[in-house]
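The values are calculated or read from the model by the stated rules, or taken from the named source; none is laboratory data. Model, not experiment: these values are computed from the prediction. As a convention, Cβ positions derive from the backbone with ideal geometry for all residues, glycine included, and neighbour counts pool all protein chains shown.
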Amino acid sequence: MKRFVALLLVVLMIFGAVGCGKSAPSNEATPSSENGEAPVKTRKLTFSHVFQTNHPVHIALTEANEMLKEKTGGRLELEIYPNATYATYNDAVSAVRMGNLDMTCLDSASDWLPKSGVLLGPYVFRSYEHWKNFKSSDIYEDLKKEIGEAVGVVQLDMYNFGFRHMTGNKPLTTLEDFDDIVLRCVDFPPYSELAVIFDASVTATPIGEVYMALQTGLVDAQENPLTQITTMKFYEVQDYLMLTGHMLAVSSTIISQDAWNSLSKEDQEILKEVFRYEADLIDQMVIENESALIQQCIDEGMTLISDIDTTPFKERVPLAKKLKKL
């Protein structure tokens, strides 16, 4: 009898061990599979940018995200942090270079590849058609590769969000008009060249503080593309819009080497396709919306000055380049 009880206990222990060896339910959310195959795990690529949610860059990103999820069958999607909620522009670029953030926007790579600064050079691009022709050239493809290698990231496609224009509380159409004017501009080259081109005093106020600086008079004028002027509501604190068209606001998408190398060749090609679509969509939105954005500024009370002789400004571009080298 004792031998029977001992044998029974051994059997129960064996079955108990088997039962304990079953996997616990996972809390990781994965897309369900309808055909009986293993469920697909979703990887979220973190993407930080400084634009508000009604800006073309964010709108195009959300559409690109849907395309990415569809083309990868749910394997990849973006986790988007708009309006600098993850990091400032410079910090986001640094985070991608170090591999702490997957993706962000890169406006200028001139700190790593000086010749790439020409993309944001004053009066470099004459029109949107000029930009389109550039993007279809071998020079564009070669430059993307060079930028990626210099910065230490993978450079995806570039886009623009409009020509940059001037706003102020008085007409600013001649060099003399900029006397005693404090102009806000972006805090890295070649934007700093605007001090010479417009013969103005410039300050690098962070974009999130520009509205208040204009409202309080700490800054007299600012320059930005129409997309930014309207989304930031600068028309509430500026009276005049001058269509100087002094720069094309060019940017791009970059991804960290770590994130890129962790993807399959198939997903790398999908990512290229998705962000080529995103870049072209932004270009298209900017062109289609430009007239409406100008009208919005007028409707909000700004006085439009479009007939501006930009020759004196263009003539100072070589001077700005010369002083930059000193």
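Numbers below:
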{"read-out": "Test: residue in region 67-81 that is over 19 Å from Gly208 (Cβ atoms), within 13 Å of the chain's Cα centre (by Cα) and modelled with pLDDT of 95 or more", "value": "no"}
{"read-out": "Leu61 being more than 17 Å from Met285 (Cβ to Cβ) and crowded, with 19+ Cβ neighbours inside 10 Å", "value": "no"}
{"read-out": "Qualifying positions in region 182-195 - in a loop (DSSP other than H, G, I, E, B), without any contact (Cβ under 8 Å) to a residue 40 or more places away in the chain and surrounded by fewer than 19 Cβ atoms within 10 Å (Cβ to Cβ)", "value": "Asp187"}
{"read-out": "Any pair with Cβ under 6 angstrom, 6 or more apart, that starts in region 201-214 at a residue that is within 17 Å of Thr230 (Cα to Cα) and ends at one that is hydroxyl-bearing (Ser, Thr, Tyr) and assigned to a loop (DSSP other than H, G, I, E, B)", "value": "Ala213/Thr205"}
{"read-out": "Yes/no for Val40 being modelled with pLDDT under 95, in a helix (DSSP H, G or I), β-branched (Val, Ile, Thr) and surrounded by 12 or more Cβ atoms within 10 Å (Cβ to Cβ)", "value": "no"}
{"read-out": "Candidates Tyr81, Tyr89, filtered to the one that is more than 22 Å from Gly148 (Cα to Cα), in contact (Cβ under 8 Å) with a residue 12 or more places away in the chain and not hydrophobic (A, V, I, L, M, F, W, C)", "value": "Tyr81"}
{"read-out": "Failed item in (1) under 23 Å from Ala95 (Cβ atoms); (2) in contact (Cβ under 8 Å) with a residue 60 or more places away in the chain, with Gly301 passing the rest", "value": "(1)"}
{"read-out": "Residue check, Glu193 under 24 Å from Leu119 (Cβ atoms) and either within 17 Å of the chain's Cα centre (by Cα) or of a type outside the set (A, V, I, L, M) (or both)", "value": "yes"}
{"read-out": "Unmet criterion (only one of (1) acidic (Asp, Glu); (2) more than 26 Å from Lys135 (Cβ to Cβ); (3) crowded, with 22+ Cβ neighbours inside 10 Å) for Glu236", "value": "(3)"}
{"read-out": "Residues of region 160-195 satisfying the condition of being of a type in the set (Lys, Arg) and farther than 21 Å from Pro318 by Cα", "value": "Lys170, Arg184"}
{"read-out": "Ser48 vs. criteria of a type in the set (Ser, Thr, Tyr) and either modelled with pLDDT of 95 or more or within 10 Å of the chain's Cα centre (by Cα) (or both)", "value": "yes"}
{"read-out": "Yes/no for Asp102 being in contact with a helix residue (DSSP H, G or I) (Cβ under 6 Å, 6 or more places away or on another chain), in contact (Cβ under 8 Å) with a residue 40 or more places away in the chain, among the charged types (D, E, K, R) and surrounded by 13 or more Cβ atoms within 10 Å (Cβ to Cβ)", "value": "yes"}
{"read-out": "Residue within region 127-141 that is free of Cβ contacts under 8 Å to residues at least 60 places away in the same chain and farther than 26 Å from Glu273 by Cβ present", "value": "yes"}
{"read-out": "Residue, modelled with the lowest pLDDT, within region 294-326, restricted to residues that are charged (D, E, K, R) and out of contact with any helix residue (DSSP H, G or I) (no Cβ under 7 Å at 6 or more places or on another chain)", "value": "Lys325"}
{"read-out": "Selection status of Ser264, more than 18 Å from Glu77 (Cβ to Cβ), among the small types (Gly, Ala, Ser) and surrounded by fewer than 22 Cβ atoms within 10 Å (Cβ to Cβ)", "value": "no"}
{"read-out": "Test: residue in region 264-273 that is at pLDDT below 95 and in contact with a Lys or Arg (Cβ under 7 Å, 6 or more places away or on another chain)", "value": "no"}
{"read-out": "Exclusive hit being closer than 22 Å to Ile305 by Cα, surrounded by fewer than 17 Cβ atoms within 10 Å (Cβ to Cβ) and over 19 Å from the mean Cα position of the chain (by Cα), set Asp179, Asp199, Asp142, Asp138", "value": "Asp179"}
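Residues checked against (1) out of contact with any strand residue (DSSP E or B) (no Cβ under 8 Å at 6 or more places or on another chain); (2) among the acidic types (Asp, Glu); (3) surrounded by fewer than 22 Cβ atoms within 10 Å (Cβ to Cβ):
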| site | (1), (2), (3) |
| --- | --- |
| Asp107 | no, yes, yes |
| Leu113 | yes, no, yes |
| Phe134 | yes, no, yes |
| Thr167 | no, no, no |
